[in-house]
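Nothing in this text is a laboratory measurement; each read-out follows from the coordinates by a stated rule. Not measured: the values here are computed from a predicted model. A quick note on method: Cβ atoms are made from the backbone with ideal geometry, for glycine too, and the neighbour counts reach across all protein chains shown.
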Amino acid sequence: MPLSTIRLTAHVRKRMQERGITEADIRLVLTTGSVVEDYRNTKPYASYLMLGWRGDRPLHVVATDNLGGRFTLVITAYEPDPNEWDAEFKVRQP
């Protein structure tokens, strides 16, 4: 996904600080990662969950392409819990 402008919510800024995730990490996930869940029915905008890797560290980023794709709004970011995801961090465990 080509990425020119991203905006970070206050929520994700707080979580990034708590979790040691940088804006560069988020940009890496958004530009090289893959969509693992699609949240088409979320309001006010459809969003998606992407998986990317910073070295050996898996990262999930929830974002939405806002206002006709003029920018990507990042909602949250975290390191997925291996107890909640499959070994590749792409499918939630039942």
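Brief remarks on what is shown
- Test: residue in segment 75-85 that is among the β-branched types (Val, Ile, Thr) and surrounded by 15 or more Cβ atoms within 10 Å (Cβ to Cβ): yes
- Inter-residue pairs, beta-carbon under 8 Å, first closer than 12 Å to residue 36 by Cα and in segment 48-59, second among the hydrophobic types (A, V, I, L, M, F, W, C) and surrounded by fewer than 14 Cβ atoms within 10 Å (Cβ to Cβ), 6+ apart: 48/35; 49/35; 50/35
- Strands (runs of 3 or more DSSP E) contained in the chain and holding at least 1 residues of a type in the set (Ser, Thr, Tyr) and under 11 Å from the mean Cα position of the chain (by Cα): 34-39, 47-54, 57-66, 71-78
- Residue in segment 33-42 that is surrounded by 13 or more Cβ atoms within 10 Å (Cβ to Cβ) and under 13 Å from residue 7 (Cβ atoms) present: no
- Some residue of segment 62-79 being in contact with a helix residue (DSSP H, G or I) (Cβ under 9 Å, 6 or more places away or on another chain), more than 22 Å from residue 14 (Cβ to Cβ) and among the aromatic types (Phe, Trp, Tyr): no
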